[in-house]
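Visitor: Have a look at this one before I ask anything.
The values are calculated or read from the model by the stated rules, or taken from the named source; none is laboratory data. In this text the structure is predicted, and so the values were computed from the model without any measurement. FYI the Cβ positions are ideal-geometry reconstructions off the backbone, even for glycines, and counts take in every protein chain you see.
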Amino acid sequence: MRWLDERTKILTPVNFLRKKEVPRHKHAFWYVFGGLALFFFGVQIVTGVLLLLYYSPTPGTAYESVEMIVASVPFGWFVRSLHSWSSNLLIAIVLIHFFSVFFLKAYRKPREAMWLTGVALLFLVLGFGFTGYLLPWDTNAYFATQIGTEIPRSIPLMGEFVVKILRGGEFIAEESLKRLFALHVVILPLLAIGLAALHVVLNQVQGSSVPIGIQRRDPPIPFFPNYLFRDFLAWTVGLFVLLCLALLFPVQLGTKADPFASAPVGIKPEWYFLPLFQTLRFMPAEIMGLNSELVVNVLVMVFTGGLFLVPFLDRNAAEGRRSPLFSVLGLAGIAYFILTISLAYLT
Amino acid sequence: MVDSLKSTGDVLAGIPDAGTRTAALVICGFVMAVFVVLLYLRIKASDERAGL
Amino acid sequence: MNREQPSIPRRNFLSRILAAWTGVVLLPALYVVFEYIIPPKLREKLIESLKIGKAADVVANVARMVKFNKTPVMIVKNDEGQIKAFSAVCTHLGCIVEFRSADRKFHCNCHGSVFDYDGKNVAGPAPRPLQPFRVEIKQDDLYVSNS
């Protein structure tokens, strides 16, 4: 180690990490979800690289390459199932982490930068889900992408432009597949790895936040090795859940996309896009003379902007006071999420 | 060239039967359980050292 | 509070057992990855005979390339009307050869191997002749098959 340190100064960050402590209190359990999100992200990278060895991103070969992975490549079905289920678990864990940070007001000063990087990561992870979904080029994937990339058209001033950029043209075709593949495999991973690294470094430097009014217990947990082993324990449980899903419910492949066929009955996006999907279904064609998609787009943009600004809007939390209004807003958000997903599946 | 109408069948041909997958899950479950026990013991040992 | 600390060897022992168990479990995981990355042998329908077209359409001293299963095959005809077919893959390091009508020989541009009209390696580093394919003419139709 001394040999390495003389040449790389590796002991400086290692010694810093050795001193890091994690606060103990009745809500400390929620801290584990951040590390769990990192774990599933790692699973996605490993399984994604493996799938990349056989996947071919053109409309003429994409479906067949996925079919080959599942039917002919040893353990190909398993790698694909791991990748697909892990994407769902990653999004679920990121949402749990997001809400836990929101309710525990961990976004308050001095952790605003952690909140900003975290919200950006949340949207990146959803972006991964959206871009990856088209890649098998089966019927569901094709039409889900057709719908998903149509929604931004009603954004004022730049809607048409956004649609063209996303699709690589007017319609979902070979250019769309190439573009979404590049996003999924290069652009989003580079952004995500950079932001995740920043997010983790900020956490190491600033430590974990203690909720307002909550009593800390002494002594705190040393990060190394005590909390790290707790992280490993959580990852083991997470891995077991993933294996259960991948082995008991292996992911199937639908029929190959036919752009000239009609959309199948009951087509729906993945569960994490159902709130947006169901909101669009709720809406009448026009609201106060305005196109309802335009209204939803504007609402989504306002909501997204508001989300980034939460640490700066919540003055109570910033000054170390309880903030019941934001807690109520958070509960309303969860309720809306659950309601819209349930309605989407039941109706 | 594979017929897309038969593709689901071909795909299923690559996926082992439910019995094999369940057996694999049982083995994985055992492996994870050993990990959990070892990690739990290790955490306890570290916590005692740290006075937790 | 005076707690009796566990002896250091117990923590080290547990760490070693953990590391060993991780190592044991990694072996089957690496096996799965290893099996996965080895390209699978795909069952392909191999053709045994390929109909090229009309024998009369083959032009003398102009090579025509066809795909026979996964092999590029060159069809050539000399001034005497004799049609031959060879694998276009150079026997040196696998480059695709070209037929030059000037000397009626197959030339490999990669390392300078030369094959004559019978496919025999006559110059350069190629160790063996070009693989020949059988040519048959049935009712004016030209067929190529494995020799």
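Visitor: Cβ contacts < 7 Å: first residue within 9 Å of chain A (Cβ to nearest Cβ), restricted to segment B:12-41; second residue of a type in the set (Ser, Thr, Tyr) and in a helix (DSSP H, G or I), any location; separation 6+ or different chain. Result?
Guide: B:Met32/A:Thr236; B:Phe35/A:Thr236; B:Val36/A:Thr236; B:Leu39/A:Thr236
Visitor: Here is a follow-up. Being of a type outside the set (Ser, Thr, Tyr) and more than 7 Å from chain B (Cβ to nearest Cβ) is the filter here; which residues of segment A:223-238 pass it?
Guide: Scanning segment A:223-238 gives A:Phe223, A:Phe224, A:Leu228, A:Asp231, A:Ala234, A:Trp235, A:Val237, A:Gly238.
Visitor: A follow-up question, please. With respect to A:Arg80, determine if the residue is within 13 Å of chain B (Cβ to nearest Cβ), over 18 Å from the mean Cα position of the chain (by Cα) and surrounded by 13 or more Cβ atoms within 10 Å (Cβ to Cβ).
Guide: yes
Visitor: Return a yes/no flag: does segment A:299-313 have any residue that is surrounded by 14 or more Cβ atoms within 10 Å (Cβ to Cβ), in contact (Cβ under 8 Å) with a residue 12 or more places away in the chain, in contact with a strand residue (DSSP E or B) (Cβ under 6 Å, 6 or more places away or on another chain) and over 24 Å from A:Leu104 (Cβ atoms).
Guide: no
Okay, residues lined up against (1) touching a Phe, Trp or Tyr at 6+ places or on another chain (Cβ under 9 Å); (2) more than 19 Å from A:Pro59 (Cα to Cα):
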| residue | (1), (2) |
| --- | --- |
| A:Glu174 | no, no |
| A:Lys178 | no, no |
| A:Gln206 | no, yes |
| A:Leu233 | yes, yes |
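Visitor: Could you grab the pairs with beta carbons closer than 6 Å, sequence gap of 6+ or different chains, first residue in segment A:114-129 and free of Cβ contacts under 8 Å to residues at least 40 places away in the same chain, second one in a helix (DSSP H, G or I)?
Guide: Within 6 Å, the pairs are A:Leu122/A:Val94; A:Leu122/A:Phe98.
Visitor: So which residues in segment C:67-90 are among the aromatic types (Phe, Trp, Tyr) and closer than 14 Å to C:Phe106 by Cα?
Guide: Across segment C:67-90, the qualifying residue is only C:Phe86.
Visitor: Identify, from the list A:Leu121, A:Leu157, A:Leu166, A:Leu126, the residue that is in a loop (DSSP other than H, G, I, E, B) and either of a type in the set (Asp, Glu) or within 23 Å of A:Phe303 (Cβ to Cβ) (or both).
Guide: A:Leu157
Visitor: Then there is this: A:Val66 - would you say it is surrounded by 15 or more Cβ atoms within 10 Å (Cβ to Cβ) and over 20 Å from A:Phe99 (Cβ atoms)?
Guide: yes
Visitor: Now for a separate question. Give me the pairs, please: first residue somewhere in segment A:246-263 and without any contact (Cβ under 8 Å) to a residue 40 or more places away in the chain, second residue anywhere and crowded, with 21+ Cβ neighbours inside 10 Å and assigned to a helix (DSSP H, G or I), beta-carbon distance under 9 Å, and either six or more positions apart or on two chains.
Guide: Partner pairs satisfying both residue conditions: A:Gln252/A:Val70; A:Gln252/B:Val11.
Visitor: Quickly run through segment A:252-280 and pick out the residues that are surrounded by 19 or more Cβ atoms within 10 Å (Cβ to Cβ) and either within 11 Å of chain B (Cβ to nearest Cβ) or touching a strand residue (DSSP E or B) at 6+ places or on another chain (Cβ under 6 Å) (or both).
Guide: A:Leu253, A:Lys256, A:Ala257
Visitor: Here's another thing I want to ask about it. What's the total number of residues in segment C:128-144 that are within 12 Å of C:Ala85 (Cα to Cα) and part of a loop (DSSP other than H, G, I, E, B)?
Guide: Final tally of qualifying residues: 2.
Visitor: Go over the candidates A:Ile221, A:Ile214, A:Ile147, A:Ile155 one by one and state the one that is crowded, with 20+ Cβ neighbours inside 10 Å and either touching a Lys or Arg at 6+ places or on another chain (Cβ under 9 Å) or modelled with pLDDT under 90 (or both).
Guide: Answer to the check: A:Ile221.
Visitor: Going by what's in this entry, would A:Arg179 be described as part of a helix (DSSP H, G or I), free of Cβ contacts under 8 Å to residues at least 24 places away in the same chain, among the charged types (D, E, K, R) and surrounded by 15 or more Cβ atoms within 10 Å (Cβ to Cβ)?
Guide: Against the criterion (part of a helix (DSSP H, G or I), free of Cβ contacts under 8 Å to residues at least 24 places away in the same chain, among the charged types (D, E, K, R) and surrounded by 15 or more Cβ atoms within 10 Å (Cβ to Cβ)), A:Arg179 qualifies.
Visitor: Can you list the helices (runs of 4 or more DSSP H) found entirely within segment A:261-347 that contain at least 3 residues being closer than 30 Å to A:Asn140 by Cα?
Guide: Here the list reads A:274-282, A:292-308, A:324-346.
Visitor: Can you name every residue in segment A:241-251 that is at the interface with chain B (Cβ under 7 Å from one of its Cβ atoms) and surrounded by fewer than 18 Cβ atoms within 10 Å (Cβ to Cβ)?
Guide: Those that are at the interface with chain B (Cβ under 7 Å from one of its Cβ atoms) and surrounded by fewer than 18 Cβ atoms within 10 Å (Cβ to Cβ): A:Cys244, A:Leu248.
Visitor: Quick check: is even one residue across segment A:11-24 in a helix (DSSP H, G or I), in contact (Cβ under 8 Å) with a residue 40 or more places away in the chain, acidic (Asp, Glu) and touching a helix residue (DSSP H, G or I) at 6+ places or on another chain (Cβ under 9 Å)?
Guide: No, segment A:11-24 contains no residue that is in a helix (DSSP H, G or I), in contact (Cβ under 8 Å) with a residue 40 or more places away in the chain, acidic (Asp, Glu) and touching a helix residue (DSSP H, G or I) at 6+ places or on another chain (Cβ under 9 Å).
Visitor: Let me ask something else. Among the residues of segment A:48-55, are any in a loop (DSSP other than H, G, I, E, B), more than 9 Å from chain B (Cβ to nearest Cβ) and not aliphatic (A, V, I, L, M)?
Guide: Within segment A:48-55 (the criterion being in a loop (DSSP other than H, G, I, E, B), more than 9 Å from chain B (Cβ to nearest Cβ) and not aliphatic (A, V, I, L, M)), the answer is yes, since at least one residue qualifies.
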